[in-house]
Amino acid sequence: GSWSPREIGGCEGASTRVRGCRHDSAAGGQAFSLTSARRMGRAAKDKRDIYYRKAKEVGFRARSAFKLLQLDERFHLLDDVERVVDLCAAPGSWSQVISRKLSERRSETKIVAVDLQEMAPIEGVVQIQGDITS
């Protein structure tokens with residue numbers, strides 16, 4: 001199926017606005033109360049939740065998959081690609097995107113994901129658990 005960034009409202013031009021913060025007048029209006037800091041964190045997380053939910057709906061391991069989709073849509077990074085090495089790959093969402101995008105040319109392509117952490121298998125991706133610095 002289709003799973004482009006545009007499908008969920010796109011990533012470009014997104015703005016974040018914090019509302020409802022209480023300033024501490026004794027501190028010259030510069031400090032936030034602990035309650036409003038918690039509220040800001042919750043509000044920021046709520047704005048990101050659409051990508052988290054959409055990632056889970058389409059089977060991506062992380063919402064960062066949509067960033068690679070956006071970059072590929074804009075710069076055509078995966079056009080005519082035959083070899084990919086995904087360094088520091090865990091949890092594997094970029095490897096998932098690459099595997100899906102290149103699935104029609106699987107016999108011609110090679111995808112390798114490297115990370116210190118063990119990852120669940122991804123179709124069409126060779127995984128190496130190890131340290132890239134040694």
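The values are calculated or read from the model by the stated rules, or taken from the named source; none is laboratory data. Just so you know, these numbers come straight off a predicted model, no measurement behind them. Here the Cβ positions follow ideal geometry from the backbone for every residue, glycine too, while neighbour counts run over all protein chains shown. Note: areas computed on protein heavy atoms with side chains; ligands, DNA, RNA excluded. Shrake-Rupley method; radii C 1.70, N 1.55, O 1.52, S 1.80 Å.
A few comments on the model shown:
- Exactly one residue among Asp49, Asp72, Asp79 is among the acidic types (Asp, Glu), more than 27 Å from Ser134 (Cα to Cα) and assigned to a loop (DSSP other than H, G, I, E, B), and that residue is Asp79.
- Any hit, the stretch 104-121, residues being at pLDDT 95 or above, part of a helix (DSSP H, G or I), open to solvent by less than 70 Å² (accessible area, probe 1.4 Å) and among the hydrophobic types (A, V, I, L, M, F, W, C): no
- Condition met for Lys101 (within 20 Å of Val126 (Cβ to Cβ), open to solvent by 70 Å² or more (accessible area, probe 1.4 Å) and at pLDDT 50 or above): yes
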